[in-house]
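Coordinate-derived values only; no laboratory data. Just so it is clear, the model here is predicted, and its values are computed rather than measured. Here the Cβ is made from the backbone with ideal geometry for all residues, glycine too, and neighbour counts use every protein chain on show.
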Amino acid sequence: MNKLFIGTATAALLVTPAVAGPMAVTVGGYYNSVVYSQDVDETDTRDIGIHNDNEIIFKGKGKTNNGLTIGFQVQLEGEGRMQTADAIDENYIYVKGDFGKVEIGAENNAAYKQQVHAPKVLGWKTYDNNFKTWSEVSDFDKPYMDGIDGDALKINYYSPKINGVQISYSMTPDTSRRNGETRLYGDSGSGSATALGVKYTGTVRGMKVKASYGMTELDEDTGQATAEDTAIGLSVTSGDIIVGGSSFTADRAGLETNVLHYGIEYKLSKDHGVGIIIHTQDEDNGPDVDIMAIGGNLKLGAGTKLTYSYETVEDSVEGDSTFMGVGLLLKF
């Protein structure tokens with residue numbers, strides 16, 4: 001299966017003729033910053049904390065003489081990684097045409113990228129928590145299918161959409177270099193990984209519906225312990241209300257972690273949304289985690305949002321934490 005997949009992906013690249021014109025290169029990204037009043041049970045914590053999350057993203061895009069789209073993306077981490085070897089995050093090239101889309105490079109697997117999640121009630125991805133408020137004070141796990149291969153070098157394929165349905169497949173030769181570094185010859189022994197995903201986007205009885213299913217696993221013949229991630233996501237938009245979330249299970253050597261992350265957002269206006277997010281998590285031989293976030297986001301202008309929230313974290317081992325935050329979310 002993997003050999004056939006590699007051959008198909010290679011053929012898609014080889015049939016790509018010269019670019020019809022200059023490739024357009026753009027620079028964008030985001031900078032999110034929140035000031036929190038914070039109270040944590042288990043550790044001595046500052047009463048006020050400033051939490052940042054930012055990236056600079058370089059993109060290139062062009063057309064070939066026969067109408068194919070080719071391009072690249074390179075993400076530069078801006079928060080806390082500028083002095084490390086992992087300052088460059090995802091970076092990959094792609095070819096897109098009637099056959100679908102092929103990505104090659106250091107990137108998350110395609111099933112991960114198809115995942116449907118809870119609405120962005122606070123303006124930022126609560127299921128990601130890149131501010132590291134919850135992850136620093138609890139055993140918080142993201143409902144993401146990236147725990148096996150991460151940003152390791154891989155090939156992603158996305159089929160054309162048919163009646164709103166798109167299928168994806170990924171192959172990662174070496175899962176040991178999860179930050180995207182290249183291993184040319186040596187076999188790390190950590191094994192390869194594959195991922196399969198399917199996503200539906202459409203309208204059902206006047207409601208906008210998104211649904212996803214994904215699975216990624218470490219190949220069984222590696223001699224490594226069993227590792228498998230599965231996730232189901234659903235989002236429904238009806239008028240001014242968005243309801244959605246994801247159910248995620250990670251299996252590591254027979255021990256499971258189950259995460260349910262969901263929420264509801266109500267649009268007070270086209271520029272102002274409020275709502276609630278719930279995160280529940282249980283882990284074999286590990287703590288239970290319950291998180292609730294209430295708040296909203298308000299668009300202030302082009303690429304600028306105000307975020308405000310009240311967040312509580314309950315960890316059966318680490319104790320309880322409370323955060324009250326106000327911040328700015330910039331997209332450029």
With only alpha-carbon atoms in the gyration tensor, what are the semi-axes of the equivalent ellipsoid for segment 228-273, in Å, largest first?
32, 9, 6
With springs connecting C-alpha atoms under 10 Å apart, model the chain as a Gaussian network and identify which of Leu300, Leu184, Leu234 has the largest mean-square fluctuation.
Leu184
Restricting to DSSP loop positions (anything but H, G, I, E, B) with no more than 10 other Cβ atoms inside 10 Å of their own Cβ, which trypsin sites (Lys or Arg not before Pro) remain in segment 123-211?
Arg205
Karplus 3J(HN,Hα) series, Hz, for segment 207-213 with 6.51 cos²θ - 1.76 cosθ + 1.60 (x for Gly, Pro)
9, 7, 10, 10, 9, 8, 9
With everything on Cα atoms, drop me the angle between helix 2-14 and the longest principal axis of the chain, reported from 0 to 90° to the nearest 10.
70 degrees
Simple Cβ-charge dipole of segment 2-331, Lys/Arg +1 and Asp/Glu -1, about Cα centre, in debye nearest 20
2620 debye
For segment 187-332, what are Rg and Dmax over the alpha carbons, in angstrom?
19.1, 55
Divide by every residue of the chain the summed helix terms, -39500 (n - 2.57) for each DSSP H run of at least 4, and state the resulting mean residue ellipticity at 222 nm, rounded to the nearest 500 deg cm²/dmol.
-1500 deg cm²/dmol
P(r) over all Cα-Cα pairs of segment 154-229, 5 Å bins from 0 to the longest distance, whole percent per bin, short to long, reads 3, 14, 20, 17, 15, 11, 8, 7, 3, 2, 1
Selection from Ala110, Trp124, Val95, by position along the positive dipole direction of segment 57-136 (Cβ):
Val95
Charge dipole of the chain built from unit charges on the beta carbon (Lys, Arg +1; Asp, Glu -1), centred at mean Cα; most positive-end Cα among Gly254, Gly275, Ser188 is Gly275
Can you find, among Tyr31, Gly286, Pro160, the residue sitting farthest towards the positive end of the charge dipole of segment 2-331, where Lys and Arg contribute +1 and Asp and Glu -1 at Cβ?
Pro160
In whole Å, what are the extents of segment 2-331 along the principal axes defined by its C-alpha atoms, from largest to smallest?
57, 49, 47
Need the list of aspartates and glutamates near Lys132 for cross-linking: C-alpha distance under 14 angstrom, and skip anything on the same chain fewer than eight residues off.
Asp53, Glu79, Asp141, Glu311
